[in-house]
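Remarks on the structure that follows.
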Amino acid sequence: MIDNSRSMADKQAILLEAIPKLVDRLVNPKCVPVGGGPLTEPGRDGCPAGSESEFRAVHDSHIGFISSSLGAWGVGDRCSTAGGADMAHLIPTVRDVDVPEFLSVTDTTDRNTFRDALTRTVEAIGENGCGYEASLEAWYRFLVDQALYASLEIDAQKVQRRVGIDEELLAQRARFLRPDSLVSVLMLSDENDCSLQAEGVGWIPVGYTNGNMFRGSTVCVKQTLTMPVVTTVKWYRCRVARRIPCVNQMGGMIPTPTL
């Protein structure tokens, strides 16, 4: 999972240098002398006598790339430009780049071909994505989410609802995962996660506080939220029993959330 918001280009460049080395090390682990000592490179016939591989080599792996951009949680047309709502689809399927949807690495993989596909994929991710970086939600959506919505909408009662099923992403997940494989998630970002709950009133920080999250502990007793004053509404604090009246631009009451 690679953050594709602004300021990420230099970090992505470092990643491009690191991943081939990581893959080489997984496919061809170094040798560790029995009893300890400096690591050495394996020879044509493996590790020399008196040493062993630092771990069992990985001979067959899938490497997929997704971005942190899941759009603006159904709020207007924010993050609607290219790269702003990749929705955890594998990068080659949402960019104009002619490489496989994910990379397969085996003992016989040509390293130059691999590096070329890797470079083109990471460069295609870019840094023009959504500023609400959903780093955690993005990989959860690709790998795990059982309620894989196609889109989000906010109804007349200001409640966010999941609409449809993202069949294409389900198909990508099925092609990428294998029942006998170990799954590892690598994340590259220079900012905190900005994932929100994709239902109910989880969209509110994007819609009415310019992306600022609410205070989530005893400080909730104080009315310190900064938001426009227009119509009265109830904002929920740490527990339903401690909700306080605040004001914002919503123009309606928020249904009591399940806490």
Provide MET1, MET87, MET187 in ascending order of the number of other Cβ atoms located within 10 Å of each residue's Cβ, fewest first.
MET187, MET87, MET1
Rounded, prolate or oblate, given the Cα gyration tensor of the stretch 1-137, with a/c below 1.5 counting as rounded?
prolate
Rounded to 0.05, the calculated FRET efficiency for the beta carbons of LEU186 and VAL159 at R₀ = 41 Å is 0.70
In square nanometres and to one decimal, what's the mean projected area of the convex hull around the Cα atoms of the stretch 135-181?
4.0 nm²
Farthest toward positive dipole pole in the stretch 1-140 [+1 Lys/Arg, -1 Asp/Glu at C-beta], among HIS59, VAL75, PHE102
HIS59
Using packing as a proxy for protection, rank 49-57, 89-97 so that the peptide with the highest average count of other Cβ atoms within 10 Å comes first.
89-97, 49-57
Using the alpha-carbon centroid of each, what span in Å lies between the stretch 182-204 and the stretch 74-122?
19 Å
Work out the P(r) tail for the stretch 67-148: percent of alpha carbon pairs separated by more than 21 Å, whole number.
36 percent
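Any read-out appearing in this document is the output of simple, stated calculations on the displayed coordinates, not a laboratory observation. Computed from a prediction, not measured in an experiment: that's the story for all the values here. Cβ atoms come from the backbone with ideal geometry, glycine included; neighbour counts cover every protein chain shown.
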